[in-house]
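Below is one structure, written out as structure tokens; comments come after it.
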Amino acid sequence: MRNPLFVATLVVLACATPAAAQSADPNLARNIAASCNGCHGTNGVSQGGIPSLTGQSKADLVKKMQDFKAGRTPATVMPQLAKGYSDEQIDLLAGWFATQKP
Amino acid sequence: MTMQRREFLKALGAGSIAASALGGCANAMRSGPKVVVVGGGYGGATAAKYLRLWSNGALDVTLVEANPAFVSCPLSNLVLGGSKQLADITVSYDGLTKRGVKVVFATATAIDVERGQIRLSTEQTLPFDRVVLSPGIEFLYDLVPGLNNAAAQAKVLNAWKAGPQTVALRQQLEAMPDGGVFAISIPRAPYRCPPGPYERACQVAWYFKRAKPRSKVLILDGNEDVVSKKGLFMKAWNEDYKGIVEYRPNHVLMDVDVATMTAKFETADDVKANVLNVIPPHGAGTIARQAGVITANNRWCEVDFLSFESIKVPKVYVLGDAIQVAPAMPKSGHMANQHGKVAAAAILNAFAGSAPNPTPVLNNTCYSFITDKNAVHVASVHQYDKEKKTLLAVPGSGGLSPGPTAVEGEFAFAWAKNMWADALT
């Protein structure tokens with residue numbers, strides 16, 4: 001934790017490389033998934049009435065989102081929201097929820 | 001200690017040393033970084049919760065809140081209609097306490113960003129490394145002179161912050177004789193909860209239709225047209241509530257004569273009502289003004305949409321209805337919940353010496369109840385645009401309900417249950 005080289009590297013990274021700001025956030029999947037939590041529950045564990053997202057495989061979640069996005073699954077809100085997420089974002093959020101504990 | 005927690009502390013430690021090497025952040029060195037969140041509504045409560053959740057409990061988070069419990073503005077119109085009680089939309093702050101958030105019931109009175117201190121109404125002073133303001137709104141009663149005193153405000157209610165005023169307005173409606181007029185005045189956009197006034201008209205009409213069928217609901221809109229869910233609301237007023245609801249656009253309120261319960265407008269004729277409900281023009285909550293973060297139109301706070309940090313005052317983050325919104329972004333509780341998470345992630349990155357996530361995505365789903373059971377929604381998704389440096393609604397995404405249904409009513413109640421848990425437990 002107090003490795004001076006590690007700290008020095010971080011200081012340099014934080015101060016000297018604007019390129020670091022361009023790269024993907026290390027918590028990108030968590031952050032995208034968090035936009036779903038409001039309705040589906042924190043970490044995808046619902047209080048009821050709206051499906052939980054945890055406990056499902058990544059493949060199942062991706063398929064469900066893509067079916068909403070393509071209009072293959074009729075629903076109230078989800079076809080409209082799914083169209084706002086890129087395929088990459090859908091992969092990332094599905095991967096995140098698939099690894100959360102129900 | 002879990003792996004995650006250890007790694008986070010490592011990152012925090014490095015961040016603190018990096019910061020102190022650059023000449024600041026002494027608090028972070030001694031006892032772990034401190035964040036104070038002012039305002040425990042949808043935005044602030046969510047930010048406080050996620051700062052604890054995502055730091056695995058490593059961050060020192062204090063929530064300053066004036067009210068003893070959270071009362072939801074969404075669903076509060078159902079209390080006016082009589083199908084819900086205030087208790088149904090009230091949630092304790094105990095869940096956040098269990099999460100390790102220090103909840104302080106007080107009002108923030110002054111913020112000294114240079115010294116990293118916030119003063120409270122209790123005379124207590126709290127130190128902070130970052131401060132999050134989720135102050136909600138302040139009513140600009142000086143723009144409605146006749147209402148610019150406490151006695152007038154007790155008679156002509158706003159009920160635009162859920163709580164005692166919601167109950168008081170319900171009592172006024174109950175006391176009103178059949179054949180009376182309820183009038184609601186809507187300020188010019190942007191205002192808190194775009195569809196809220198129209199939902200309120202529906203809920204009051206739903207009550208009148210059953211209990212006082214000769215009564216009227218007058219919507220006196222300061223805007224030139226219905227601001228949100230127009231087709232859906234117009235259909236309800238023309239069908240379900242035909243003969244009860246009347247919509248009048250271009251009614252910019254200039255003053256109110258409380259003695260005669262008369263509303264006066266810029267161009268339209270005066271309107272007298274038995275129960276007059278004025279949503280006054282409003283801007284960011286008081287503490288935002290004191291903190292110097294109001295930068296737009298002398299009302300709202302402009303933020304960097306990657307972090308929700310004020311564009312004017314570093315280390316001060318602003319959430320919810322108080323911000324100058326991005327295009328097509330409503331001032332809604334759902335949106336504030338999303339702001340809270342983006343800000344929490346950005347603050348944790350800042351403590352670790354990293355830039356905010358360059359590609360935030362936020363969504364919004366607003367339900368409005370047409371009857372006690374049937375609801376409609378509007379939904380949208382907002383992605384960050386690098387060139388324009390703002391959040392933009394994704395073309396082709398989002399939309400409205402085709403019409404009110406009980407299925408959507410059930411979803412609306414489930415939305416509330418999940419949203420309250422996401423913000424407050």
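Coordinate-derived values only; no laboratory data. The structure presented is a predicted model; accordingly, all values stated were derived computationally and were not measured. With ideal geometry, Cβ positions are generated from the backbone for all residues, glycine too; neighbour counts draw on all protein chains shown.
What does the structure give for B:389-401 when I average, per residue, the other chain Cβ atoms found within 10 Å of the residue Cβ?
3
Tell me, what ³J(HN,Hα) does each residue in segment B:142-151 have, in order and in whole Hz, if you take phi through Karplus 6.51 cos²θ - 1.76 cosθ + 1.60 with θ = phi - 60° and put x for Gly and Pro?
5, 7, 10, x, x, 9, 7, 8, 4, 5
Return the average number of partner chain Cβ atoms within 10 angstrom of each residue Cβ along peptide B:361-368.
So the per-residue partner count for this stretch is 4.
Which residue, B:Asp304, B:Asp112, B:Asp60, has the most motion in a Gaussian network model of chain B that connects Cα atoms within less than 10 Å?
Judging by the Gaussian network model, the answer is B:Asp112.
So for segment B:278-351, considering every pair of alpha-carbon atoms, how many percent are separated by more than 20 Å? Spell out each step's value before the answer.
Numbers: 706 of 2701 pairs.
Pairs farther apart than 20 Å: 26 percent.
Rank these for me by crowding, B:Arg130, B:Arg214, going from fewest to most other beta carbons within 10 Å. Can you show the working numbers first?
Details: B:Arg130 24, B:Arg214 11.
Final ranking by Cβ density, sparse to dense: B:Arg214, B:Arg130.
In whole percent, what relative contact order does segment B:79-175 give with Cα contacts below 8 Å and a gap of six or more residues?
Numbers: 69 pairs, mean separation 23.8, N = 97.
Once normalised by length, the contact order is 25 percent.
Would you mind getting me the FRET efficiency between B:Lys386 and A:Thr99? Use the beta-carbon distance for r and R0 = 41 Å, nearest 0.05.
Result of the calculation: an efficiency of 0.90.
Using just the Cα positions, wrap segment A:52-102 in a convex hull and report its mean projected area in square nanometres, one decimal place.
Its Cα hull, projected and averaged over all orientations, spans 3.2 nm².
Compute the Cα gyration tensor for segment B:156-309, then decide on rounded, prolate or oblate, letting a ≥ b ≥ c be the square roots of its eigenvalues: rounded whenever a/c is under 1.5, prolate when a/b is larger than b/c in the other cases, and oblate in all that remain.
In terms of gyration-tensor shape, prolate.
From other protein chains only, count the Cβ atoms within 10 Å of every residue's Cβ in B:55-67, then give the mean.
Working: counts 0, 0, 0, 0, 0, 0, 0, 0, 0, 0, 0, 0, 0.
Shielding by partners across B:55-67 averages 0.
What does the extension gain come out to for B:Lys264 and B:Thr125, with contour length at 0.36 nm per residue minus their alpha carbon separation?
45.6 nm
State log₁₀ I(q)/I(0) for segment A:32-78 at q = 0.14, 0.18, 0.20, 0.28 Å⁻¹ as given by the Debye formula over alpha-carbon point scatterers of equal weight, solvent excluded.
Scattering profile of segment A:32-78, log10 relative to I(0): -0.34, -0.57, -0.70, -1.17.
Compute from the Cα atoms of chain B the Rg and the Dmax, the latter being the longest Cα-Cα distance, and quote both in angstrom.
Here Rg and the maximum Cα pair distance are 22.2, 73 Å.
Quick one: in the protein assembly as shown, what % of C-alpha pairs are over 46 Å apart?
For the protein assembly as shown, the share of Cα pairs beyond 46 Å comes to 13 percent.
Let me have the relative contact order for chain B, percent, based on Cα pairs under 8 Å that are six or more residues apart. Can you show the working numbers first?
Details: 935 pairs, mean separation 77.9, N = 425.
It rounds to 18 percent for chain B.
For a 21 Å ceiling on Cα separation, which of these pairs sit above it: B:Lys161/B:Lys373; B:Lys341/B:Lys417; B:Lys212/B:Lys417; B:Lys209/B:Lys264?
In this structure, B:Lys161/B:Lys373; B:Lys212/B:Lys417; B:Lys209/B:Lys264 lie more than 21 Å apart at Cα.
From Cα pairs below 8 angstrom and at least 6 apart in sequence, can you work out the relative contact order of segment A:28-102, rounded to a whole percent?
Numbers: 97 pairs, mean separation 29.8, N = 75.
Dividing the mean separation by the residue count of segment A:28-102 yields 40 percent.
What order do you get for B:Met234, B:Met176 when you list them from fewest to most C-beta neighbours inside 10 Å?
Arranged by neighbour count, lowest to highest, B:Met234, B:Met176 become B:Met234, B:Met176.
Measure of size requested: the Rg and Dmax of segment B:57-153, with Cα atoms as the atom set and Å as the unit; please supply both.
Looking at segment B:57-153, its Cα Rg and Dmax stand at 17.2, 51 Å.
Please list, by residue number, every one of the GluC sites (Glu not before Pro) in segment B:56-161 that is coil in DSSP and has at most 14 other beta-carbon atoms within 10 Å.
Those satisfying the criteria are B:Glu114, B:Glu123.
Could you give me D for segment B:114-214, from Stokes-Einstein at 37 °C and 0.692 mPa s, where the hydrodynamic radius is the Kirkwood radius over C-alpha pairs? Units µm² s⁻¹, please.
195 µm²/s
For B:Val38, what residues show an amide H to amide H distance below 5 Å, using hydrogens built from the backbone and excluding near sequence neighbours?
Result for B:Val38 returns B:Val64, B:Val132, B:Leu133, B:Ser134.
Non-local amide H neighbours of A:Thr73 (under 5 Å, H modeled in plane, Pro and chain starts lacking H): which ones?
Under 5 Å from the amide H of A:Thr73 lie the amide H atoms of A:Phe68, each far enough along the sequence or on another chain.
Give me Rg/Rg_expected for segment B:321-377, where Rg uses Cα atoms only and Rg_expected = 2.2 N^0.38 Å with N residues.
1.48
Say we join alpha carbon atoms closer than 10 Å with springs in a Gaussian network model of chain B; which of B:Val38, B:Val394, B:Val113 then has the biggest fluctuation?
Of the options given, B:Val394 has the highest mean-square fluctuation.
When the scattering of segment B:44-91 is computed by the Debye formula from its Cα atoms alone, each counted once and equally, what is log10 I(q)/I(0) at q = 0.16, 0.19, 0.25, 0.31 Å⁻¹?
For the requested q values the scattering log ratios are -0.59, -0.70, -0.87, -1.07.
Take the Cα radius of gyration of segment B:297-404 and divide it by 2.2 N^0.38 Å, with N its residue count; two decimals is plenty.
Segment B:297-404 yields a ratio of 1.17.
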